[in-house]
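We did not get these values from a lab; they are worked out from the coordinates using the rules stated. Here the structure is a predicted model, which means the values were calculated and not measured. Methodologically, a virtual Cβ is constructed for each residue, glycine included, from the backbone with ideal geometry; neighbour enumeration extends over all protein chains shown.
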Amino acid sequence: MTSASAAPLLRIDALSVSIGATPILKNLSLAVGAGEILGLVGASGSGKTLTALAIMQLLPANSTLTGEIRLRGELLTGKSESEMQSVRGRDLGLVFQEPMTALNPLMQIGDQVAETIRLHRSVSAAEAACAARETLELVGLPGGRAAPHLLPYELSGGERQRVAIAMAVALNPPLLIADEPTTALDVGTQAHVLRLLQELAHSRGMGLILVTHDLAVVALVTDRVALLHQGEIVEQGATAQLLRHLQHPYGRALLAAARSKPKRSAPRSGTAPPVLEVRDIVQEYPRRRRSLGRAPAPLRAVDGVSLTVHAGETVGVVGESGSGKSSLLRVILALEGARGGDVILLGEGFSDARGRRLRRLRRGIQAVFQDPYGSFDPRWSVERLIAEPYFLLDAPPDAATRRRSVAGLLELVGLSAADARRYPHEFSGGQRQRIAIARALITEPAVIAFDEAVSALDALVRTQILELLAQLSERLGLAYLFVSHDLNVVRSIADRTYVMQHGRIVEHGPTEAIFTSPHHAYTRALIAAAPILS
Amino acid sequence: MSIRRDRPRRFGLIAGAALTAFFVAVAVAGQFWTPYDPGAMSIMDRLEAPNLRHWFGTDQLGRDVLSQLLAGAKTSVGVALLSVIIGALVGVPLGLMAAARRGAVDELIMRGNDLIFAFPSLLLAILITAAFGPGAVNAIIAIGIFNIPVFARVTRGGALQLWTRDFSSAARVAGKGPVRISLEHVLPNMVGLLIVQATIQFSLGVMAEAGLSYVGLGAQPPTPSWGRMLNEAQTLTALSPTLALFPGLAVLLFVLGLNLLGDGLRRRQERSE
């Protein structure tokens, strides 16, 4: 409660929320002034999203709420559902994390924005459409290029998020709540969307609550920060001062995590023999046929990519979504056949291997995937999941050996041997990525490929996983191929980095050289767009 | 203070499960005990209205309607169940194969499906029974054939979605092939979906059996059947209106119960996802 103006726009007093019998938010007090940007920061599960839902009065049915939420002095907590319906949208705008699910896939974007307007104001369809067009222009979707007649699937992720913002601000609400609005976006797009939100807040005098787990984003755009830890606000204050003088141990840990670099010895490049060589990979996908006469030219997702990973080395591949990095990885892992090029693993042709030879070679390369929730069959126990790659061995070990090696791996990745009998849903996102790493280690591969493996994790957990990876690489002499859109992550772990754009490698070299003196314009743009804590 | 947005609609699920369990129990019980022999005629007692001796009355040959209903439940449940099993046994593997192989195999299976879908179902059932003769077994086959594309399509849809999940890629990195992944990862994760579909197909099967028997192509006398009871009652509606009432109610309530159960299960499935 430090710098809020005399009559704050939004005032939360002693808010407590429990779901069932579990208290989630404890005695939370906040204030947001007009034109002010408040960052609400915390790990997943800290109650950030629930705070946003409490303000919107959209809490789940089995929850109980005590305390007061006032918007412009008006009590929201006592309002009925029908009264709240007129407040939402008109006085409170909300932007969600995943823009695709917030939009109606079958409705033109102009109509979706117009619908919000017509729900709250008695205006004609033509007036609403006109206002919708203006709002879309305001958020950077002018009539010329992204006409109001487009459907959500025709837009990129960043453009969709702009539409969602347009819907939220169409009625010029005094307060906008944005829940992780840029977490699902690339660095470049993230910078644009953040700048847009900042401009809207400052030019319209709109209060903005920015819910995020990313301290770098907070430092970039917010005026004040509230740090949420286990349902309580542990620190609150003006952003610049607060980040300099964090008191609470959790806040310090978060800040340290945002700045940290995993400790490892000097980069070892070039000297060791190559374990993975990728030569001139080309991958194409057929495009939807628009006329019967001729087939359209296929989409070239990967266009002549070559890269090398030496033993014990960590190689990063960065690029925005759509740059072809995931397609490249699927080809490298022999999950897809490529249109052209070779993958050579430990000196043998991997891309054209079949049958027994393919199974033998697969032992040399394993993978950790992006989604910690999707990479495990929910019906399998952890032991069975980790031991799944044993299928690659000609003579799988007996049950006792299997149990012993799974237990050993669980301890190696920082879990306990007893976890083997549990199921994936019992673990947090970070713990699941540890299980995924254990699964990748069981065949003692030479290379592990990571597809955005830490993108879905909180800053603190992400740092822990990156440190674990650095340790494992040192101890086991593993090589990593680390694909990510997150420059900070790649910078903190990779010895060498390849930058990918439109299916091509535009620049590569030692990581520090790439980041300190980038040559290619695209690399420079990427680096400039990434929020970095000074 | 709380806001109730999605009040759980469990009443339908419970009512559906109760109705379904009741009729299945009746079908089983009807095998061992009926108040009278369902085939025993007694001309003296014909076309009686419901009374204390014959709760649901008697038909034109003096047979006890309640006993016939109990015995006929077996035909309904049996024909519907076996046709669902046929549909699932053929359709599920086809759907799994289409999703795992994609490409030409997928096209072949799905266009074959469309071919069966394109036929009016009753017409094909009549064709089959006309070619092989009427009877419960041929009714099962006819209805079963129509269940195949339904199961194939539902399985393919669910399987395609599971194939995009990272655990399918992880299994491939672990060297497993499409058949093994389909059986180990894909099928077990869509059991719920298939149970829901089976319930819905079961209710359609009960209706189809009643329909075929009604037009004389299903179970033949003396096998008791609700559809044939309706057929025989039709000409006597003026004389004895209650005669059509009870078999009609039996079909209605059983199908209603199965639909409520299927809907409730589907909703629960969607919530859990």
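Between residue A:151 and residue B:108, the modelled label-to-label distance comes to 3.2 nm, taking each label 7 Å out from Cα in the direction of the beta carbon. Between the helical axis of A:399-412 and the longest alpha-carbon principal axis of chain A there is an angle of about 50 degrees.
For residue A:241 and residue A:356, what is the calculated FRET efficiency with R₀ set at 56 Å and r taken between the beta-carbons, to the nearest 0.05? My answer for the efficiency is 0.30.
Taking amide hydrogens as placed 1.01 Å from N in the peptide plane, the amide H of residue A:500 sits under 5 Å from those of A:318, A:319, A:506, each at least 5 positions away in sequence or on another chain. Net charge dipole, the protein assembly as shown: roughly 880 debye, given to the nearest 20, about the Cα centre with Cβ charges of +1 for Lys and Arg and -1 for Asp and Glu. Computed over neighbours whose Cβ is under 11 Å from that of residue A:171, the net charge equals +3, Lys and Arg +1, Asp and Glu -1. Of the DSSP H helices in chain B, those that are both long (alpha-carbon extent of 30 Å or more along the helix axis) and hydrophobic (Kyte-Doolittle mean at least -0.5) are B:11-32, B:65-101, B:136-163, B:191-214, B:242-272. Is the shape of the stretch B:1-139 best called rounded, prolate or oblate, per the rule: a/c under 1.5 gives rounded, else a/b larger than b/c gives prolate, else oblate, with a ≥ b ≥ c the square roots of the Cα gyration tensor eigenvalues? Oblate, since a/c reaches 1.5 and b/c is not below a/b. Roughly how many Å is it from the Cα centre of the stretch B:50-120 to that of the stretch A:20-49, as a whole number? Cα centroid of the stretch B:50-120 versus Cα centroid of the stretch A:20-49: 55 Å apart. Neighbours of residue A:300, meaning other residues whose beta-carbon lies under 10 angstrom from its beta-carbon, give a summed charge of 0 when Lys and Arg score +1 and Asp and Glu score -1. Modelled spin-label separation between residue A:7 and residue B:130, with each label point placed 7 Å from Cα along the Cα-to-Cβ direction: 8.4 nm. The amide H of residue A:301, built 1.01 Å from its N in the peptide plane, has A:283, A:284, A:285 as neighbours under 5 Å, considering only residues 5 or more places off or on other chains. Highest average first, the peptides A:517-525, B:64-72, B:246-254, A:110-118 ordered by how many other beta carbon atoms sit within 10 Å of their residues are B:64-72, A:110-118, B:246-254, A:517-525. Simple spin-label estimate for residue A:66 and residue A:280 gives 7.3 nm between the two label positions (7 Å along the Cα-to-Cβ direction from each Cα). Measure nothing fancy, just the Cα-based angle from helix A:125-138's long axis to the longest principal axis of chain A, in degrees from 0 to 90, nearest 10. The answer is roughly 60 degrees. With the helix formula -39500 (n - 2.57) applied to DSSP H stretches of n ≥ 4, the protein assembly as shown reaches a computed 222 nm mean residue ellipticity of -15000 deg cm²/dmol. In terms of the mean number of neighbouring beta-carbon atoms within 10 Å, the peptides A:123-130, A:89-96 order highest first as A:89-96, A:123-130. Shape class for the stretch A:213-257: rounded, because the ratio a/c of the largest to smallest gyration tensor axis (alpha-carbon atoms, square roots of eigenvalues) is under 1.5. Under the convention that each Lys and Arg Cβ holds +1 and each Asp and Glu Cβ holds -1, the size of the dipole of the stretch A:99-172 around its Cα centre is about 80 debye.
Multiplying the residue separation of residue A:471 and residue A:74 by 0.36 nm and removing their Cα-Cα distance gives an extension gain of 137.5 nm. A simple rule links phi to the HN-Hα coupling: the Karplus curve 6.51 cos²θ - 1.76 cosθ + 1.60 with θ = phi - 60°, which for the stretch A:307-313 gives 7, 10, 10, 8, 4, x, 9 Hz, with x for Gly and Pro.
Of the peptides B:170-176, A:164-170, A:200-206, the order by per-residue mean of other Cβ atoms within 10 Å, starting with the highest, comes out as A:164-170, B:170-176, A:200-206. Residue by residue along B:173-181, Cβ atoms of other protein chains within 10 Å of the local Cβ number 6 on average. Between helix A:249-259 and chain A there is an angle of about 60 degrees, using the helix long axis and the longest principal axis of the Cα atoms. For the peptide A:366-375, the mean number of other protein chain Cβ atoms found within 10 angstrom of a residue's Cβ is 4.
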